[in-house]
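Data block below; observations after.
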Amino acid sequence: MSASNPVISASNLKKYYPVKQSGFFKKDILLKALDGASFDIEPGKTLAVVGESGCGKSTLARLVTMIEQPTSGEFDIAGINAVTSGKAQKRTLRSKVQIVFQDPYGSLNPRKKVGDILEEPLIINTSLSRSQRREKALAIMEKVGLTPEQYSRYPHMFSGGQRQRIAVARALMLNPALVIADEPVSALDVSVQAQALNLLMDLQEEMNLAYLFISHDLSVVRLISHEVMVMYLGRVVEQGEKNTIFDKPLHPYTMALLAATPHVNIKSRQKRIRLSGELPSPLNPPPGCTFHRRCAYMSDICRQVAPESRRLENRMVACHHAEKMSTAPSESKIQKGLVKNLVDKGAQDENAI
Amino acid sequence: MNQAIVIKEKNIPITENETVPPHPLKEFWKYFSENRGAVIGLYFIAGAILCAIFADIIAPHSPFNQYRSAILQPPFWMEGGNTEFILGTDDVGRDILSRLIFGARLSLFVGVIVVTLSLAAGIILGVTAGYFGGFYETVVMRLMDIMLALPSLLLAMAIVAILGPSLQNAILAIAIVVLPHYVRLTRASIIAEKNKDYVTASRVSGAGPLRMMFNVLLPNCMAPLIVQATLGFSAAILDAAALGFLGMGAQPPTPEWGAMLANSLQFIQRAWWVVTFPGVAILLTVLAFNLAGDGLRDALDPKMKR
């Protein structure tokens, strides 16, 4: 089963938004919210998308759920091209991709009862009778751990964790192949997070679901994902199997992210790599490698040439110096690199003045 | 131990209550009746509606019958009054109570028609403007702004002056004049709701524009609209009375409250009851609708339920 065709296969997805400038004669500028993402997800697998806020994670989710059209690039869902296909085909594709949102308080219609929320996708997409829909909704409710009495309650009567269960149940109503989880646990209490994650993993096993799991919590990603995609400012910087990336990151940004994960066990704690500076504005990204102003290994080429994503040690990585990382990514070197970077930065600032 | 048992017993009805949700209407009444003002308002409205329906039976006299022997007779508790004309008579000897009872018919009719017309048109325009946006929205909203820029009564008078003075035209004019309020309110709520996640979720499951607008979004925008509608009810009654007062609404001898007020203005010094009772009727009806509207909003909002 696992070696079957991918549920979704995306190549070079891009989404640019025109942004109006203040001022009468200024031209609109393009905000590159997502600048080239390619990935495959097989049934029963989870691809985790990781990155800071504003790196294009949610844009990716909006593209894959077909809420928005990509500016360029293509993706297939279950072998059907989702960008160019016609209306009728899109309708069938819609039922294959469903989404679970971050905030369970905003994602459920407060005017509808749980049963109505769950049955809405069925009303739209199927011609089941009222009693059949009810039966199906109750079956899914049981699957996600809700009781039949809760069928006719309003969302405001539930806690955050239960609401997220309802949201998951709604996503499963149409038997989707792919579920997009847009930070599904980050709005929940830590104790409830574990429950929600276990639920998601159990359902994956049971229904052979593929997940596109968007998160900024690396410990959650480590638990749930099979593959990881690290994004920075709309670009994919590193992408590969979970263990390859977590064991030996090759992109400086991935390293910094991993080093920032809190650990309970003191021994497994890493030295923090402090990134200097802010996330640059996506309206005015730095030339060359978008990460170069915050990078410890920055050199001249990084300022001028944007690195292409290339295959190295079983993963895709977009960094000019990835080979150097792979040979000796010791902490001392990182620290040294950081110092060097700061010195460089100082010199740069002086030049700028 | 004893205490624990007591608590357990207390718990039993609560859990039963949870498993079997109460009938929606029962639930609604429970929340609505917590607001005493709203209940009083509702009773008053119910009374007014009954008066309007059974006016022929309740009213002691015909609203048009002129009792020449009893012109400007005071209410029964005053000197010179008698119980034949409980609230006295007007300047041509018509029984004021009967005219007020028949007037309730007209006022409620005006309110219902105006609110229905403007609410229906306002919701359709507002929802589509908020949902589709773009050029269409700009056109609709600027048009509403232009209508708002003119004083409402003046605009209503202008419309009535064009169409000719009659109650139907007054109703139409008032419905047009209050339209911008509904459109703006609907559009604003739609825009506020449009970007919430549950709307996106419905879109992901493939909901079409009609379903999105009227099934997903509109129910979440109804609370302010219900309040506006009940306020609009009273405003419509008031505006119709104002137009009647100016001679542009109901024409004499129709027993319309505003027209009654206008026709008897010159007797305000001599016979206060001729002016006061239609005024009090307008005041109480408007107040009742406002109170009931407030209660309705609280009772219909699931977020305010515990």
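Considering region B:25-304, its Cα convex hull presents a mean projected area of 17.6 nm². The Cα center of region A:36-71 and the Cα center of region A:125-155 differ in position by 29 Å. Provide, in order from the shortest bin, the percent of all Cα-Cα pairs of region B:65-221 in each 5 Å bin, continuing until the bin that contains the maximum pair distance. That works out to 2, 9, 13, 12, 11, 10, 9, 8, 7, 5, 5, 4, 3, 2, 0, 0, in percent per bin. Remark: C-alpha extents of region A:1-153 on the principal axes read 58, 44, 32 Å, sorted largest to smallest. Expressed as a whole percent, the proportion of Cα-Cα pairs in region B:153-306 lying more than 19 Å apart is 65%. 3J(HN,Hα) along region B:39-53: 5, 4, x, 5, 4, 4, 4, 4, x, 4, 5, 4, 4, 5, 5 Hz, from the Karplus curve 6.51 cos²θ - 1.76 cosθ + 1.60 with θ = phi - 60°, whole Hz, x for Gly and Pro.
Across the protein assembly as shown, the convex hull enclosing all Cα atoms gives 256 Å³ per residue. Using θ = phi - 60° in the Karplus curve 6.51 cos²θ - 1.76 cosθ + 1.60, the 3J(HN,Hα) couplings for region A:139-147 round to 5, 5, 4, 5, 4, 8, x, 10, 8 Hz; x is entered for Gly and Pro.
Sum up the charges of everything whose Cβ sits under 10 Å from the Cβ of A:Glu183, counting Lys and Arg as +1 and Asp and Glu as -1, but leave A:Glu183 out. Surrounding charge for A:Glu183 is -2. Taking the DSSP bridge list for the protein assembly as shown and keeping only pairs wholly inside it, about 60 percent are antiparallel. Net charge in the neighbourhood of B:Ala129 (other residues with Cβ under 11 Å of its Cβ; Lys, Arg +1, Asp, Glu -1) is +2.
If you look at the Cα atoms of chain A, you get an Rg and a Dmax of 22.1, 74 Å. In sequence order, region B:250-259 has phi-based couplings of 4, 9, x, x, 3, x, 8, 4, x, 5 Hz under the Karplus curve 6.51 cos²θ - 1.76 cosθ + 1.60, θ = phi - 60°, and Gly or Pro positions carry x.
Determine the relative contact order of region B:32-183: mean sequence separation of Cα pairs under 8 Å and six or more apart, normalised by residue count, in whole percent.
Values: 168 pairs, mean separation 29.3, N = 152.
So the answer I get is 19 percent.
In terms of surrounding Cβ atoms within a 10 Å radius of their Cβ, B:Trp77, B:Trp29 rank from fewest to most as B:Trp77, B:Trp29. Structural descriptor for chain A: relative contact order 18 percent, calculated from alpha carbon pairs under 8 angstrom and at least 6 residues apart. Structural descriptor for region B:116-240: relative contact order 34 percent, calculated from alpha carbon pairs under 8 angstrom and at least 6 residues apart. Each distinct pair of alpha carbons in region A:69-150 adds a 1/r term; the inverse of their mean, the Kirkwood radius, is 15.0 Å.
Each reported figure results from applying straightforward, stated rules to the coordinates on display, with no laboratory input. If you're wondering where the values come from, they're calculated on a predicted model, not measured in any experiment. When we count neighbours, we look across all protein chains shown, and the Cβ atoms used for this are built from the backbone with ideal geometry, even at glycine.
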